[in-house]
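See structure below.
The values are calculated or read from the model by the stated rules, or taken from the named source; none is laboratory data. Note that the structure is predicted; figures quoted are calculated from it, not measured. Cβ sites come from the backbone with ideal geometry, for glycine too, and all protein chains shown count toward neighbours. To get the accessible areas, we keep the full protein, side chains included, count just its heavy atoms, and leave off ligands, DNA and RNA. Shrake-Rupley method; radii C 1.70, N 1.55, O 1.52, S 1.80 Å.
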Amino acid sequence: LTLGTRSAETDAQPTIDTLFQIGSTTKMFTALGLLQRVDAGSLSLDMSLAAAYPDSEFGLNADWNDALLLEHLLTHQGGFLDYVQENNTTEDEGLASWYAGTYFPNLWLMAEPGSFWNYSNPSFDIAGLVTEHDDGRAYPDIMLESVFGPLGMDRTMQRKTEVIADGDF
């Protein structure tokens, strides 16, 4: 049984196989991917961002990535300015390029890491970049092969091109 419509522009009813965007639920999957790297022993939650992702040096204060721990990324305690860039690129490298070229050189932390909780999209973007860097595979491949596949989520995908090719979205 399905309810609703496939989109705001149509009255077409979705099927049980229709793909939908999952939004912030991605944060849980990103955490799982990073925690798998912790379980494998290549990362630890008390590791600094500087050690885990050397491309993360902030232009406004080079010490910030030394103070940020991977634990802060997963607990919304990094102190990040919650700035999100709508990125229309479909390339796997798009997010890393934006963080390297825009976020890290130009944006800032609002407070010392670990000092307070604030909802943070960048924390999980960066957690995904750390996971990708440590694993060596593109983030969508990590999610597909190490998270979605083992969970039996065979209709869950990250690449827009794959969703469009599927046609049922």
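Quick rundown of the values:
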read-out	value
Residue among I16, I22 that alone is at pLDDT 90 or above and either of a type in the set (S, T, N, Q) or open to solvent by 60 Å² or more (accessible area, probe 1.4 Å) (or both)	I16
Those residues of segment 40-49 which are out of contact with any strand residue (DSSP E or B) (no Cβ under 8 Å at 6 or more places or on another chain) and either open to solvent by less than 50 Å² (accessible area, probe 1.4 Å) or not aliphatic (A, V, I, L, M) (or both), in sequence order	G41, S42, L43, S44
Hits in segment 126-136 - residues which are buried (at least 19 other Cβ atoms within 10 Å of the Cβ) and of a type in the set (G, A, S)	A127, G128
Number of the exception - A100 against (1) out of contact with any His (no Cβ under 9 Å at 6 or more places or on another chain); (2) over 15 Å from H72 (Cα atoms); (3) surrounded by 17 or more Cβ atoms within 10 Å (Cβ to Cβ); (4) not acidic (D, E)	(3)
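This table checks each residue for (1) surrounded by 13 or more Cβ atoms within 10 Å (Cβ to Cβ); (2) within 26 Å of K160 (Cβ to Cβ); (3) touching a residue at least 12 places away in the same chain (Cβ under 8 Å); (4) hydroxyl-bearing (S, T, Y).
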residue	(1), (2), (3), (4)
L32	yes, yes, yes, no
A51	yes, no, no, no
F58	yes, no, yes, no
L70	yes, no, yes, no
T75	yes, no, yes, yes
Q85	yes, yes, yes, no
G94	yes, yes, no, no
M110	yes, no, yes, no
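For (1) over 15 Å from the mean Cα position of the chain (by Cα); (2) loosely packed, with under 15 Cβ neighbours inside 10 Å; (3) at pLDDT below 90; (4) not polar (S, T, N, Q), each residue gets a yes or a no:
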| residue | (1), (2), (3), (4) |
| --- | --- |
| L81 | yes, yes, yes, yes |
| F124 | no, no, no, yes |
| A138 | no, no, no, yes |
| I142 | no, no, no, yes |
| G152 | yes, yes, no, yes |
| R155 | yes, yes, no, yes |
